[in-house]
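Structure record follows, encoded as structure tokens.
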Amino acid sequence: MKFILALLCLLLASPAFAMNELQGAPLAKVQEMAAAQGANLEKLNEADTATMDAATGQRPLPSTIYLLTIRSSVILLLEHDGIVVLSTDPAPLETVNKVLGRTDA
């Protein structure tokens, strides 16, 4: 258990490293890691999903888009059947907010 905690701290401390390790992970594990480190894991609603699809192109379907916010960076995750099938490089939070048309962009 201590090893897992150490790994979680390392992954969430470095967003660029985390995105490489998240692909193929169970979403439940990602949720647990995010909660343990105070990171925010957000499932996009239908409107935000449509906006993101329009801005980024086609994603593999069926899949659900999640945003993993770590400090001021966001990793986009695609989930299918409870498994993270794709994780992106970290993007600045301001960029993601701007794409989604959020007021704090």
Burial-style ranking of 35-43, 84-92, average other-beta-carbon count within 10 Å with highest first, yields 84-92, 35-43
Any chance you could run the full-extension gain for Lys29 through Val99? It's 0.36 nm times the residue separation minus the Cα-Cα distance, nm to one decimal. 22.5 nm
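Test of understanding: what is the full-extension gain from His80 to Gln37, defined as 0.36 nm times their sequence separation minus their Cα-Cα distance?
So the extension gain works out to 13.1 nm.
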If amide H atoms are built 1.01 Å from N in the plane of the peptide, which residues on other chains or at least 5 residues away come under 5 Å of the amide H of Val85? Gly24, Leu78, Glu79, His80
If R0 = 22 Å, then Asn45 and Asp89, at their Cβ-Cβ distance, give a FRET efficiency to the nearest 0.05 of 0.40
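All of the numbers you see were taken from the coordinates with simple rules; none came from a lab. All values derive from a computational prediction rather than experimental measurement. No Cβ is skipped: glycine too gets one built from the backbone with ideal geometry, and neighbour counts run over all protein chains shown.
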